1. In region 84-116, which residues are acidic (Asp, Glu) and part of a loop (DSSP other than H, G, I, E, B)?
2. Working only within region 117-150, note down all residues that are part of a strand (DSSP E or B), closer than 18 Å to residue 77 by Cα and either modelled with pLDDT under 95 or of a type in the set (Gly, Ala, Ser) (or both).
3. Going by the structure shown, is residue 18 β-branched (Val, Ile, Thr) and modelled with pLDDT of 85 or more?
4. Could you grab me the full set of residues in region 69-84 that are out of contact with any Leu (no Cβ under 8 Å at 6 or more places or on another chain) and surrounded by fewer than 13 Cβ atoms within 10 Å (Cβ to Cβ)?
5. Which residue pairs have Cβ atoms under 8 Å apart, sit 6 or more places apart or on different chains, and have a first residue in region 67-94 that is on the phi > 0 side of the Ramachandran plot and without any contact (Cβ under 8 Å) to a residue 60 or more places away in the chain and a second that is acidic (Asp, Glu) and surrounded by fewer than 22 Cβ atoms within 10 Å (Cβ to Cβ)?
6. Restricting to region 66-77, count the residues that are under 13 Å from the mean Cα position of the chain (by Cα) and not in a strand (DSSP E or B).
Amino acid sequence: MDRLRQFAPLAALLLALTGCTTAAEATAGTVTGSRPTAAVTADGPKPAPGRADVDEPRTGPAVPKPGTWYPYDLYTHCGIGTLTFGGKYWELRQMRTDIDAEVAGPRVEWGDLYTPGYIQLESAEMVVFETGGQPPLTFVPVAAPTTLCK
């Protein structure tokens, strides 16, 4: 019994350390795999989005082509309000719980800072964001961003 008490502090330290994560792991949502950077134009499910990079989030091109999916790291720190894509601000309009996102891989949890996924310019008046296992989000253009953090 004394021998067990002797190792108790070491066991507690090991348990505490195994719960530690890096800042990137803590903020990137729960995903695995590589980090796609190229546009996706093929039919069918998009590949798993990989991890978000808080230092270099993927934001898509300055001039997106309608109907093309681009890897995108959505800023989700204080919730989802607005995003920037294609040189415009877009405000969340709807979470489409009536349809499923077409993204392969495991469910992606909303990250503390960024959530990895894909974004598409559906029309001049709408963009769609998708990630694994979550409903698609639709956004409409706005003149200025909304800040959810106060």
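1. The answer is 98, 100, 102, 109, 112.
2. If the condition is that a residue be part of a strand (DSSP E or B), closer than 18 Å to residue 77 by Cα and either modelled with pLDDT under 95 or of a type in the set (Gly, Ala, Ser) (or both), then 117 is the only one that fits.
3. Criteria not met by residue 18.
4. If the condition is that a residue be out of contact with any Leu (no Cβ under 8 Å at 6 or more places or on another chain) and surrounded by fewer than 13 Cβ atoms within 10 Å (Cβ to Cβ), then 84 is the only one that fits.
5. Qualifying pairs under 8 Å: 67/122.
6. 2
Residue-by-condition table, conditions (1) modelled with pLDDT of 95 or more; (2) under 27 Å from residue 124 (Cα atoms); (3) surrounded by 10 or more Cβ atoms within 10 Å (Cβ to Cβ); (4) in contact with a Phe, Trp or Tyr (Cβ under 7 Å, 6 or more places away or on another chain):
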{"site": "5", "(1), (2), (3), (4)": "no, no, no, no"}
{"site": "10", "(1), (2), (3), (4)": "no, no, no, no"}
{"site": "14", "(1), (2), (3), (4)": "no, no, yes, no"}
{"site": "22", "(1), (2), (3), (4)": "no, no, no, no"}
{"site": "25", "(1), (2), (3), (4)": "no, no, yes, no"}
{"site": "36", "(1), (2), (3), (4)": "no, yes, yes, no"}
{"site": "52", "(1), (2), (3), (4)": "no, yes, yes, yes"}
{"site": "67", "(1), (2), (3), (4)": "no, yes, yes, no"}
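Let's see how each residue does on (1) surrounded by 14 or more Cβ atoms within 10 Å (Cβ to Cβ); (2) more than 14 Å from the chain's Cα centre (by Cα):
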site: 86; (1), (2): yes, yes
site: 99; (1), (2): no, yes
site: 107; (1), (2): no, no
site: 111; (1), (2): yes, no
site: 114; (1), (2): yes, no
site: 119; (1), (2): yes, no
site: 135; (1), (2): yes, no
site: 144; (1), (2): no, yes
site: 149; (1), (2): no, yes
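The values are calculated or read from the model by the stated rules, or taken from the named source; none is laboratory data. None of the values given here were measured: they were computed from a predicted structure. Here the Cβ is made from the backbone with ideal geometry for all residues, glycine too, and neighbour counts use every protein chain on show.
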